[in-house]
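Asks: Pasting a structure here, questions to come.
The values are calculated or read from the model by the stated rules, or taken from the named source; none is laboratory data. In this text the structure is predicted, and so the values were computed from the model without any measurement. FYI the Cβ positions are ideal-geometry reconstructions off the backbone, even for glycines, and counts take in every protein chain you see.
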Amino acid sequence: MKKILIINGNPALQRESFSEALCNAYGEAARQAGHEVRTLKIATLDFDPILHEGYHGGQAAEAHIVAARDFVRWAEHAVIVYPLWQFGVPALLKGFCERVFVPDFAYSVTAGNPLQAALLKGRSVRLVQTMGMPAFLYATVFGGHGCKAFRSLFRFCGFRPVRATLLGMVEGPDRVRRGHLARIRALGAAGL
């Protein structure tokens, strides 16, 4: 059994997004399988998503960012669900990662070898990216660059393995969404 952190990276506040439905499906299946689950919905967190001075300033971490780091420390596996927006991750999710995965928490800037800088080893992550286009089109024709960049962040911080699940055509027929939900439930039950 694993300690699993589910992060809903969709910034939607006034509607239940498909990302939320996927998070709920994964979480329910994981709990039923005996995994311990915690969740974060970044749209409800109170934090400044802009790293104003880069990593050279003294920007204090808000309470929700401190709590998010505690959740990451606690987790053995993380699942981050988010929509593809302009071929990348939503700005709020990127800002969340810039504030949470900082030097001296996620990686060391004093490590002599960048391959030894990771401070979050011993954890795995699954990125679940939804999109309106077919997933194979995003991955092959457009190169899946947004997901690749996101994967690199987690590898650099020590997460292994870093897996990505691309779910396409989410604005399509209900049967497509039902199929995606079933796939995510299976991953939740397996703790993957």
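Asks: Filter region 1-29 for residues that are within 23 Å of Asp46 (Cβ to Cβ) and among the acidic types (Asp, Glu); which is farthest from the chain's Cα centre (by Cα)? It would help to see each step written out before you state the result.
Replies: Step one: of region 1-29, the residues within 23 Å of Asp46 (Cβ to Cβ) are 5-17, 19-20, 23-24, 27.
This time we only want the ones that are among the acidic types (Asp, Glu), so: 16, 20.
Values: Glu16: 18, Glu20: 13 Å.
Applying the filter and picking the extreme gives Glu16.
Asks: Further question: What's the number of the condition Leu181 fails, among (1) of a type outside the set (D, E, K, R); (2) without any contact (Cβ under 8 Å) to a residue 40 or more places away in the chain; (3) surrounded by fewer than 20 Cβ atoms within 10 Å (Cβ to Cβ)?
Replies: (2)
Asks: Take the residues in region 38-48 that are free of Cβ contacts under 8 Å to residues at least 40 places away in the same chain and surrounded by fewer than 21 Cβ atoms within 10 Å (Cβ to Cβ); name whichever of them is farthest from the chain's Cα centre (by Cα). Explain how you work it out, then say what you get.
Replies: Just the residues of region 38-48 that are free of Cβ contacts under 8 Å to residues at least 40 places away in the same chain, to begin with: 38-41, 44, 46.
Add one more test, that the residue is surrounded by fewer than 21 Cβ atoms within 10 Å (Cβ to Cβ), and what stays is 38-39, 41, 44, 46.
Numbers: Arg38: 13, Thr39: 11, Lys41: 11, Thr44: 15, Asp46: 18 Å.
That would be Asp46.
Asks: Looking only at region 97-125, which residues are over 17 Å from Gly54 (Cβ atoms), under 18 Å from the mean Cα position of the chain (by Cα) and either among the hydrophobic types (A, V, I, L, M, F, W, C) or part of a strand (DSSP E or B) (or both)?
Replies: Ala118, Leu119, Leu120, Ser124, Val125
Asks: Identify, from the list Arg99, Arg15, the residue that is within 16 Å of Phe150 (Cβ to Cβ) and either basic (Lys, Arg) or surrounded by fewer than 20 Cβ atoms within 10 Å (Cβ to Cβ) (or both).
Replies: On the way: Arg15 fails: within 16 Å of Phe150 (Cβ to Cβ).
Within the list Arg99, Arg15, the selection yields Arg99.
Asks: Quick one: would you say Asp70 is charged (D, E, K, R) and either assigned to a loop (DSSP other than H, G, I, E, B) or touching a residue at least 12 places away in the same chain (Cβ under 8 Å) (or both)?
Replies: Working: charged (D, E, K, R): yes; either assigned to a loop (DSSP other than H, G, I, E, B) or touching a residue at least 12 places away in the same chain (Cβ under 8 Å) (or both): no.
The answer is no for Asp70.
Asks: Mind listing just one residue for me: the one in region 126-142 that is part of a loop (DSSP other than H, G, I, E, B) and of a type outside the set (Gly, Ala, Ser) and, of those, modelled with the highest pLDDT?
Replies: To start, the set of residues in region 126-142 that are part of a loop (DSSP other than H, G, I, E, B) comprises 131-134, 141-142.
Next, only the ones that are of a type outside the set (Gly, Ala, Ser) stay: 131, 133-134, 141-142.
On the way: Met131: 95, Met133: 92, Pro134: 92, Val141: 88, Phe142: 84.
Looking at residues that are part of a loop (DSSP other than H, G, I, E, B) and of a type outside the set (Gly, Ala, Ser), I get Met131.
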